[in-house]
Amino acid sequence: MNRHSGIGALPYGIFSTPDEPHRRAGVALGDQIIDLPAAVRRLDPSLAAAVTGPTLDALLAAGPAVWSSLRASLITWVTDEAHRDLLPTVPAADAVMHLPFTVADYVDFYASEQHATNLGRILRPGQEPLTANWKHLPIGYHGRAGTVVVSGTDIVRPSGLRPGAEFGASQRLDIEAELGFVVGAPSTLGTPVPLADFDQHVFGVCLVNDWSARDIQAFEYVPLGPFLGKSFATSVSPWIVPLAALEHARVPPPVRDVPLSAYLDDEKTPSWGLDVRLEIRLNGQVISTPTFEGMYWTPAQMLAHMTVNGAALRTGDLYASGTISGGSPGSLIELSWNGQEPLHLADGSARAFLHDGDEVVISAVAPGENGTLISLGEVSGRILGAR
Ligand code: CA
């Protein structure tokens, strides 16, 4: 399960073990987890307050100065042999991972031009695929924070009203492969967060599977947007990769063909395009390998847009990129072209949308130091029959 290699990523999560069932912060290191509170007690008690508790909430709230000093200490501890021998660790195989932070608000964007274009073609054939606003602002909506669940949580097939006002279990249950951005430091109500302050507020990145019931969504979404077709569950990976670990993955965003309003114009600010390569497996078989590079809107622009009206950030806010469909699609509705071209799996079965019992695993890697790859871990979930 734990595919973080080397020392580049040093992601943070919350774990427990059968011997010590209390939840506590850990750092993934190969096939081991560093017990963070125990390590800090032994090696640098001044950091104790930031790593205490059953979630990462205190660390998120501590802000960028603490984030960098903790990461600098961790890099010293894992690279220097004398320190490394003192690190209290547990085998990752013995650990249970938990939701790593208290999700405050959850926002879902729609930032991939390829995804928005594909969905436009599928849902509004014969019309311009992108809506008139699409290249002027990163489109998003508020989702349901309370149903964000950790990787490995089973997903019960949702029921609801489908087209024709017919009530029943969703027949068009889908995935959305996305990156999630975890806000640490809050902002002040009434004060927008500019593009340049992205890394002063965002702590790190996780993987997101934004499960979607396409039939429920299709019947309910006009005119106010997604609601029950999305809110039943959103899965996140258990390990939060700090932004600092993605320094070597930063790439320029694509050329924008529509001039941007000043608050979104990132031509003169540091680039926050990210070279993150995803892999989507359905029942063990790779069905798509989308890439985040080339995403039209960057996470810095999404944050600037979320706050331009003065909305305040809270510690634990999570915002997701929207389905990543660069290179290859990040959803089944695209892969099967709305069910018209089902996928053929190695076991001889076909899939337009998810069947009960199906397991979806999304993993990702990104460039690290000196040509290495760092892992962003994975987010998994299995579909249970409707209740
Ligand atoms: Ca989504």
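The values are calculated or read from the model by the stated rules, or taken from the named source; none is laboratory data. Predicted model only: the values in this text are computed from it and were never measured. Because the Cβ atoms are built from the backbone with ideal geometry, glycine has one as well, and the counts that use them run over all protein chains shown. Please note that ligands, DNA and RNA were not included when accessible areas were found on the heavy atoms of the full protein model with its side chains. Shrake-Rupley method; radii C 1.70, N 1.55, O 1.52, S 1.80 Å.
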> Looking at (1) in contact with an Asp or Glu (Cβ under 6 Å, 6 or more places away or on another chain); (2) at pLDDT below 95, which is the one condition that is false for L86?
Replying inline: (1)
>> Given the condition within 20 Å of W134 (Cα to Cα), acidic (D, E), touching a helix residue (DSSP H, G or I) at 6+ places or on another chain (Cβ under 9 Å) and not in a loop (DSSP other than H, G, I, E, B), answer yes or no: does some residue in segment 358-370 qualify?
In response: no
>> Could you go through segment 64-80 and let me know if any residue there is charged (D, E, K, R), modelled with pLDDT of 95 or more and open to solvent by 70 Å² or more (accessible area, probe 1.4 Å).
In response: no
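Can you tell me which of A177, A185, A165 is small (G, A, S), closer than 21 Å to S325 by Cα and modelled with pLDDT of 95 or more? Steps first, please.
Values: A185 fails: closer than 21 Å to S325 by Cα; A165 fails: closer than 21 Å to S325 by Cα.
Only one candidate qualifies: A177.
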> Only one residue in L86, L47, L43 is open to solvent by less than 40 Å² (accessible area, probe 1.4 Å) and outside the structural domain of L243 (by TED's automatic domain parsing). Which one?
Replying inline: L47
> If a residue has to be within 27 Å of the chain's Cα centre (by Cα) and open to solvent by less than 20 Å² (accessible area, probe 1.4 Å) to count, how many in segment 29-40 make the cut?
Replying inline: 5
> For segment 149-191, what are the residues that are within 16 Å of the ligand (Cβ to nearest atom) and open to solvent by 20 Å² or more (accessible area, probe 1.4 Å)?
Replying inline: V149, R172
> What are the residue pairs meeting all of these: first residue in segment 219-241, first residue closer than 12 Å to E176 by Cβ and open to solvent by 10 Å² or more (accessible area, probe 1.4 Å), second residue part of a helix (DSSP H, G or I) and within 12 Å of the ligand (Cβ to nearest atom), Cβ atoms under 8 Å, and 6 or more apart or on different chains?
Replying inline: P226/Q217; K230/Q217
> Across segment 93-121, which residue is nearest to the ligand (Cβ to nearest atom) among those that are open to solvent by less than 10 Å² (accessible area, probe 1.4 Å) and not hydrophobic (A, V, I, L, M, F, W, C)?
Replying inline: D108
> Which of the helices (runs of 4 or more DSSP H) contained wholly in segment 192-276 include at least 1 residues that are modelled with pLDDT of 95 or more and within 16 Å of the ligand (Cβ to nearest atom)?
Replying inline: 214-220, 228-231
>> Exactly one of these conditions fails for H248: (1) open to solvent by 40 Å² or more (accessible area, probe 1.4 Å); (2) under 21 Å from Q114 (Cα atoms). Give me its number.
In response: (2)
>> Among the residues of segment 333-347, are any out of contact with any Lys or Arg (no Cβ under 8 Å at 6 or more places or on another chain) and within 15 Å of the ligand (Cβ to nearest atom)?
In response: yes
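Given the condition in a helix (DSSP H, G or I), more than 28 Å from G273 (Cβ to Cβ) and away from the ligand (no atom under 16 Å from the Cβ), answer yes or no: does some residue in segment 62-72 qualify? Working first, answer last.
To start, the set of residues in segment 62-72 that are in a helix (DSSP H, G or I) comprises 62, 64-72.
Then drop every residue that is not more than 28 Å from G273 (Cβ to Cβ), which leaves none.
For segment 62-72, residues in a helix (DSSP H, G or I), more than 28 Å from G273 (Cβ to Cβ) and away from the ligand (no atom under 16 Å from the Cβ): absent.
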>> Among the listed residues E341, E293, identify the single one that is open to solvent by 10 Å² or more (accessible area, probe 1.4 Å) and more than 22 Å from V379 (Cα to Cα).
In response: E341
>> With the structure loaded, tell me whether L137 is assigned by TED's automatic domain parsing to the domain that holds W272 and away from the ligand (no atom under 16 Å from the Cβ) or whether it fails that test.
In response: yes
